[in-house]
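What follows is a short report on a single structure.
The values are calculated or read from the model by the stated rules, or taken from the named source; none is laboratory data. Just so it is clear, the structure is predicted and the values come from calculations on it, not from any experiment. Note that we place each Cβ from the backbone using ideal geometry, even for glycine, and neighbour counts take in every protein chain shown. Side chains are part of the model used for accessible areas, which takes the heavy atoms of the whole protein and leaves out ligands, DNA and RNA. Shrake-Rupley method; radii C 1.70, N 1.55, O 1.52, S 1.80 Å.
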Amino acid sequence: MTTPARRQYLRIKSEHEDAILLFRMGDFYETFDDDARIIARELEISLTSREFGSSSRVPLAGIPYHALESYLARLIRKGYKVAICEQTSESSRSQKGPVDREVVRVVTPGTIVEDSLLEGKANNYLSAAVTEGDFAGFAYVDITTSEYAATQIPIAELPVELARLSPAELLVPESSDPVDVDARTVVASVGDDSFDLEWATETLMRHFGVSSLEAFGCDRLPLATRAAGAVIDYLASTQRSAAAQLTTLRTYSTELHMVLDPQTRRNLELFEGGRWGDRSSSLLSALDRTRTPMGGRRLRAWVGQPLLDLSELNRRQDAVEWFHRSSLRRERVLALLDMVSDIQRLLNRIRGFGASPRDLVSLAASLEAAPHLKEILSEDEDACRVASLAEGIRDTTQVVALIRDAISDDPPLATGDGKVIRHGFSPEMDRVRDSARSAQQYIAQMESRERERTGIKSLKVGYNKVFGYYIEISNANLKMAPDDYVRRQTLVGGERFITPEMKEYESRILTAQDRMSDIESDLFRQVCSQVGEYAREIAATADAMADVDVFCSLAEVAARNGYIRPELSDSDAIRIRQGRHPVVERALGAGEFVPNDTELSCESGQLAIITGPNMAGKSTYIRQVAILALMAQIGSFVPAQSAEIGLVDRIFSRVGLQDDLALGQSTFMVEMVETASILNHATRRSLIILDEIGRGTSTFDGLAIARSVAEYIHSHPSLGCKTLFATHYHELTELADYLPRARNFNVAVSEDRGEIVFLRRIVPGGADRSYGIHVAKIAGMPAAVVNRAWEALGALEDAGGRPYSNGRSGSRRAAEHSKSAQLALIPMSSPALDELKRLDVASMTPIEAINKLYELQEQAKKVDT
Ligand code: ADP
């Protein structure tokens, strides 16, 4: 026989088979059967068992309800889906059978709302993608901020959008092919029906209460509509309250944005430093001095999506410049922003009725900063540059007043004990609270009254959860207890009593407290819903504040590091004087970075070939150019003396030798795939940076590929785009001899008695040699190896083995090194040599000398064999 509770459990579980079901039973969330085994293992909690009626025992593992958040975090991080089943009726009201229970939320990586599971300065996106033919529909939502958007793009751009947003979860139709996503994204297959066009259209129209999707701009974008519909459909089954808060859908086009493919994002280290994957050495961290999570999220979004829209960029630059002009202004704004919390997420919690009383107080405090910000943004004659920001900050004084009137200054985390609602806000609340308080006071005063009445000085009035209020008398005084004292509990040293009067006041207190708690939570909900009525104003204000935060942060970074406002245009040129790499500069410390110039344009210096030894600074330089263009196109100032940036539609990069082991591809294969993608997608307006193409294969192959790639970019009619090509193959310098728009540059080094000194300066002209052996020497290779390498190099070059000879003959270069090559015949250190050094030749007889010479020769022969 299974019990009703077990039957109820099995029924609910059957509806959520793919999730771990947390089944609320009193103070615990229990799991049973396989779920129990899983959570016991994953959360390292004990696995027990429980008997349901006379049926056999089933495995059980539970977590205390108050610890839900931390356990939930661990399960979600491990990739589980969790269904939370709450008790939805009081046990007393449904005496027959178990209490009612219902799954209120299914938590997945893309639908978490708990602050502790979210990163403040990053969005947490749930996304959906569907493809058909050559196109893809893509939609995403952040349910903690209600950002909801959809687009329709060529299928090749889907990875770009996925890399840009790095969603926590991606929904795809069951029947679709696997999609490549980064490690952060969990892919969830949902029924194809969710992506059905008719179904999706109806779902969206019903959701927004409209009869056409025209207003959202997706009526003619069937794939975007399908993806957007799947998102709503999924939320309806996992997070209903979140779906309800999505009041609008933005259809966007990727055409107005610079395209950055996943490898370029990685190579330019926009969000994470490459070497150790740490964030502290990313471009974002170099630019981020935002004070609010909203500003942090916005800056991250901007860095991930530079613009092609000149007028919007000018607007952004104007705003940065306005803040840049006055450090006092920045200080005042930053001080105000420090008072501002995450208004977007607060508002969402308040509207979804998941807010705590403290959230309301934080919202009020944040909005109180708004008028002061607005004042600063409008106070000088130059403020037209930030007029749209000032306009964005709406009048929210009524919301602030409402919250301040209703909620006490320092409320507890939850309603229930009468401390949330401010005195004077609700006469009824005050009355009930007063009566609870006066009854409590009455009981509190009982102690002194009863002491007086009984003459027992040690008499105590106390309270415990089981027995309620009591009077405690020690054994020695028991005989003095009056007749109306009724015994309740016997202790070791005394007895506890109650009196009828005490009982009466106790029940008054309890009724008043119940009532107070009900009224308080009603009032709290009312206030939340009233605040929700101002959602538009609050959201607009939050939006403007996020912008202010970003502009102020960019200005602050510019001021601290000496950045300048770049000149933006539609030209195809990039001219930078004394540019610096913002991240490397920061790592090296003030004054250590050597600035460099850049001059690139499609008409003249289109293909810059940068040669120089390893470690000279080639990679740093080519990335620096790309990063400066990117910074300029988010509206930021750039580290340079002056900069003219003709807007770039895409940045492509192929940098370094990275093994993509996760994808099971060899280094060389990855390199070729990425290079092919660049050649297939670049346009004349793109900027390409290539680092050491062709290194992953033999020298001949590699050089051949490098050369033909460079020629293709230079001469193909649909390319011809600005390109920086860093290579240690100095043979490539001869490209400049026959490609009219190719220019040679090298990173200057000076040579001092065989040692090279890196000058980090980019100078015109090609490097005439590789310096590989110099670098090996600096790296600490044994001298014998270095010398042998010189020798081998000479031999190779003499044999004419040098590929693509550029006229500088191998033998000339061998001659340069012949001296060192000869020296190398005598090893720098060996036992024979050491002994030779120690000999005191002057004191030797000729015969001794001959013998020693013979002995040394024998030793040397041994070394040779
Ligand atoms: P390459 O690509 O030529 O092998 P990198 O670009 O990796 O060399 O540079 C090697 C190191 O040199 C960098 O880690 C950096 O510390 C330093 N460096 C590069 N460029 C500069 C510069 N302009 N000023 C100062 N140091 C630099």
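Estimated from helices alone, the mean residue ellipticity of the chain at 222 nm is -14000 deg cm²/dmol (sum of -39500 (n - 2.57) over DSSP H runs with n ≥ 4, per residue).
A simple count of charges around G532, restricted to other residues whose Cβ falls under 12 Å of its Cβ and scoring Lys, Arg +1 and Asp, Glu -1, yields +2.
Normalising by the residue count of the chain, find the relative contact order in percent from Cα pairs under 8 Å and 6+ residues apart. Let's see the in-between values first.
Working: 1512 pairs, mean separation 72.8, N = 865.
Normalised by residue count, the contact order of the chain is 8 percent.
Protein heavy-atom surface of the stretch 1-123, 1.4 angstrom probe: 47% of the accessible area is carbon and sulfur, with nucleic acids and ligands not counted.
Suppose we keep just the DSSP beta bridges with both residues in the chain; what percent of those would be antiparallel, to 5? Each step should come with its number before you reach the end.
Working: 65 of 103 bridges.
Here the share of antiparallel DSSP bridges comes out near 65 percent.
Note on S46/R525: beta-carbon distance plugged into 1/(1 + (r/R0)^6) with R0 of 22 Å gives a FRET efficiency of 0.05.
Positive end of the dipole of the chain (Cβ unit charges, origin at the Cα centre): among H716, G579, S326, the Cα lying farthest that way belongs to S326. Distance between the modelled labels on V492 and E198, one decimal in nanometres: 7.8 nm (7 Å Cα→Cβ projection). Surface composition of the stretch 356-443: carbon and sulfur atoms hold 49% of the protein heavy-atom accessible area at a 1.4 Å probe.
A 1.4 Å probe run over the protein chains yields, for the chain, 47 Å² of accessible area per residue, whole-number rounding.
Roll a 1.4 angstrom probe over the protein heavy atoms and tell me the percent of accessible area of the stretch 168-209 that is carbon or sulfur.
Numbers: 1170 of 2410 Å².
Accessible surface attributable to carbon and sulfur in the stretch 168-209 totals 49 percent.
Probe radius 1.4 Å, ligands and nucleic acids left out: which of H372, H16, H324 has the largest accessible area, and how do the rest follow? Intermediate results must be reported in sequence, preceding the final value.
Working: H372 95, H16 35, H324 60 Å².
Accessible-area ranking of H372, H16, H324, largest first: H372, H324, H16.
For a label point 7 angstrom out from the Cα of A444 toward its Cβ, which stretches of the stretch 506-523 have the backbone nitrogen within less than 19 Å? Under cut-off, by backbone N: 506-514, 516-517. Which residues among the stretch 380-402 fall inside the zone where the amide N is under 15 Å from a point 7 Å beyond the Cα of S311, along Cα→Cβ? Zone members listed by number: 388. In the chain, the longest principal axis of the Cα atoms and the axis of helix 4-15 are about 30 degrees apart. Using the Cβ of K460 as centre and a radius below 11 Å, the other residues enclosed give a net charge of 0, where K and R count +1 and D and E count -1.
Pair-distance distribution P(r) for the chain, from all Cα-Cα distances in 10 Å bins starting at 0: 2, 10, 15, 17, 16, 12, 10, 7, 5, 3, 2, 1, 0, 0 percent.
Any idea what the dipole of the chain comes to, in debye rounded to 20, about its Cα centre with Lys/Arg Cβ at +1 and Asp/Glu Cβ at -1? Let's see the in-between values first.
Numbers: 101 positive and 123 negative charges, 380 e Å.
Dipole size: approximately 1820 debye.
Once the Cα-Cα distance is subtracted from the 0.36 nm per residue extended length, the A587 to K479 segment shows a gain of 30.7 nm. Counting only protein chain heavy atoms and rolling a 1.4 Å probe, the accessible areas of T845, T151 rank, largest first, as T845, T151. Fully extending the segment from D395 to S176 would add 74.0 nm, taking 0.36 nm per residue of separation and subtracting the current Cα-Cα distance. Place a point 7 Å from Cα of S326 in the direction of its Cβ. Which residues in the stretch 349-387 have their backbone N less than 12 Å from it? Label zone hits: 375-384. Against the chain, whose longest principal axis is taken from its Cα atoms, helix 33-43 shows a tilt of about 60°. The angle between the Cα long axis of helix 68-77 and the longest principal axis of the Cα atoms of the chain comes to about 30 degrees, rounded to the nearest 10. In the stretch 17-76, Cα pairs under 8 Å separated by at least six residues give a relative contact order of 33 percent. Simple rule: put +1 on each Lys or Arg Cβ and -1 on each Asp or Glu Cβ in the stretch 100-189, find the dipole, and look at L162, V103, L117; the Cα lying farthest toward the positive end is L117. Here the scattering of the stretch 107-172 is modelled by Debye summation over its C-alpha atoms, one equal scatterer each and no solvent; at q = 0.14, 0.16, 0.19, 0.28 Å⁻¹ the log10 of I(q)/I(0) is -0.41, -0.52, -0.69, -1.23.
With K and R counted +1 and D and E -1, the other residues having a Cβ less than 11 Å from that of D192 yield a net charge of -2.
Per-residue counts of other Cβ atoms within 10 Å, averaged by peptide: what ranking do you get for 181-193, 290-302, highest first? Write down the numbers at each step before the final one.
On the way: 181-193: 14.5, 290-302: 23.5.
Most protected by this proxy first, the peptides run 290-302, 181-193.
Note on T511/E452: beta-carbon distance plugged into 1/(1 + (r/R0)^6) with R0 of 25 Å gives a FRET efficiency of 0.30.
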